[in-house]
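Single-structure report; data block below.
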Amino acid sequence: MDIQWYPGHMAKTKKIIKQNLKLVDVVLELVDARAPLSTHLPDINSLIGNKDIITVLNKADLADKEVTELWINFFESQGRGVVAVDALRKSGFKKLFSLIDNTKKRTMLGPKRCMIIGVPNVGKSSLMNQMARRKSARTADVPGTTRSKMWLKVSHRLELLDTPGVLWPKFEDKAVGIKLALLGCIKEELLDLHRLAFILIEFLSIYYPDNLKSRYDVDINIPPEKILEKIAQSRGFLLSGGTYDIERSVKTLISEFRQGKLGAISLERPEEKEGFWASLSNQDIV
Ligand SMILES: Nc1nc2c(ncn2[C@@H]2O[C@H](COP(=O)(O)OP(=O)(O)OP(=O)(O)O)[C@@H](O)[C@H]2O)c(=O)[nH]1
Ligand SMILES: [Mg+2]
């Protein structure tokens, strides 16, 4: 299915990126540390040409530390400048600034200029604000928050350009869409949240069973629907008539996963060709 995520918005965003490319020295591509490949822009080369690029694994506080280390090695082995950061707590900023310092200045005059790009909700505006030590750009846990570009001065030597999130209209591999949905990069209204919660439960039961078990005090060997029922039961999510409010369990599970309340969890690992996600490559969730 082809999806118009934000009609008109995506074409405008790509135009902003292309038009401002000549003004910048380096591009920071923000990805979500929990799924760095699925949240990476597949057409980045056609978008930014041969500009210097640094990969920033943001929200590292929410990702499995061991897996993040594997990702760092993966990108470094490809010769890519890469750093894991937590934009809210500013961890990893020293390495980030030093990677930026080590890039060449290509534009003639003024400070070094960096453009921040990435999928929606990955933390671009938060990172820019924190690097500049100002709350200039609006941030929110909703994809599509930033609607136009914004320049922000970090110092007389460095300026940043925040851009709106980019998403593409079709996922060749549907598992990529599922991971983007789980991480909050796709508008909620477009998603089959119930299906998404099932997939999350199945994933957690295989890769992070203890996290699921201890957060909700459930037996992970029971079917996903029963797990949602148990969550409704223990949290008191009831509808009039006394039936369980499963929709509320669905929303709670997804939102608590996104906020890291189930612990630090990574959705993908480098060089993972087979397994859970490969089996979902034909599943629609939108
Ligand atoms: N835990 C955690 N949350 C973060 C981090 N960075 C950003 N966030 C949160 O992620 C949400 C999205 O942040 P934004 O900065 O608005 O994301 P964005 O990429 O600018 O989003 P769009 O403008 O919609 O494309 C907000 O709720 C932030 O507080 C991080 O490193 N760790
Ligand atoms: Mg933004």
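The values are calculated or read from the model by the stated rules, or taken from the named source; none is laboratory data. What you see is a predicted model, and the numbers here were worked out from it, not measured in a lab. Note that we place each Cβ from the backbone using ideal geometry, even for glycine, and neighbour counts take in every protein chain shown. All accessible areas refer to the heavy atoms of the entire protein, side chains included, with ligands and DNA or RNA removed. Shrake-Rupley method; radii C 1.70, N 1.55, O 1.52, S 1.80 Å.
Things worth noting here:
- Accessible area in square angstrom per residue, region 184-252, 1.4 angstrom probe: 52 Å²
- With every protein chain in place, the chain: carbon and sulfur % of accessible area (1.4 Å): 51 percent
- Here's the picture: a label point sits 7 Å out from the Cα of S91 along the beta-carbon direction, and within region 251-277 the residues with their amide nitrogen under 11 Å of it are 264.
- Antiparallel bridge percentage (DSSP; both residues within the chain; nearest 5): 25 percent
- A straight Cα-to-Cα reach below 16 Å connects K112 with the aspartates and glutamates D25, D52, D101, E159, D162, residues fewer than 8 places away in its own chain not being considered.
- Looking at region 1-147, the accessible area is 47 square angstrom per residue; that uses a 1.4 Å probe and ignores ligands, DNA and RNA.
- Long pairs among K14/K105; K12/K174; K135/K230; K22/K59; K51/K170; K12/K273, criterion Cα-Cα beyond 31 Å: K135/K230; K12/K273
- The residue among S155, V142, I72 whose Cα reaches farthest toward the positive pole of the charge dipole of region 9-162, with charges on the beta-carbon of Lys, Arg, Asp and Glu, is S155.
- Working from Cα pairs under 8 Å separated by at least six residues, relative contact order for region 174-280 is 28 percent.
- Residue ranking by accessible heavy-atom surface, 1.4 Å probe, largest first, among R133, R113 comes out as R133, R113.
- Helix-only [θ]222 nm of the chain, DSSP H runs n ≥ 4, -39500 (n - 2.57) each, per residue, nearest 500: -11000 deg cm²/dmol
- Lys/Arg +1, Asp/Glu -1 at C-beta; the chain dipole; positive extreme among L196, G165, L239: G165
- Amide H contacts of L158: K112, each under 5 Å away and 5 or more positions distant or on a separate chain (H built 1.01 Å from N in the peptide plane; Pro and chain starts excluded).
- Modelled FRET efficiency - R0 41 Å, R195 with W151, Cβ distances, 0.05 increments: 0.50
- A Förster radius of 30 Å, combined with the Cβ-Cβ distance separating S98 from E188, puts the computed FRET efficiency at roughly 0.20.
- Under the convention that each Lys and Arg Cβ holds +1 and each Asp and Glu Cβ holds -1, the size of the dipole of region 174-280 around its Cα centre is about 200 debye.
- Backbone amide hydrogens, once placed in the peptide plane, bring G81 within less than 5 Å of T55, excluding anything fewer than 5 places away on its chain.
- Residue of K153, K15, K65 that the Gaussian network model of the chain assigns the largest fluctuation, springs spanning Cα pairs under 10 Å: K15
- The chain: relative contact order as a whole-number percent, Cα under 8 Å and 6+ apart: 21 percent
- In a reduced charge model with +1 at each Lys and Arg Cβ and -1 at each Asp and Glu Cβ, the chain shows a dipole moment near 1880 debye about its Cα centre.
- Spatial separation of Cα centroids for region 191-236 and region 140-174, in angstrom: 33 Å
- Residue with peak Gaussian network fluctuation, the chain [Cα springs, cutoff 10 Å], from G184, G260, G118: G260
- In this simple spin-label model, placing a label point 7 Å from the Cα along the Cα-to-Cβ direction at both Q259 and E247 gives a separation of 2.0 nm.
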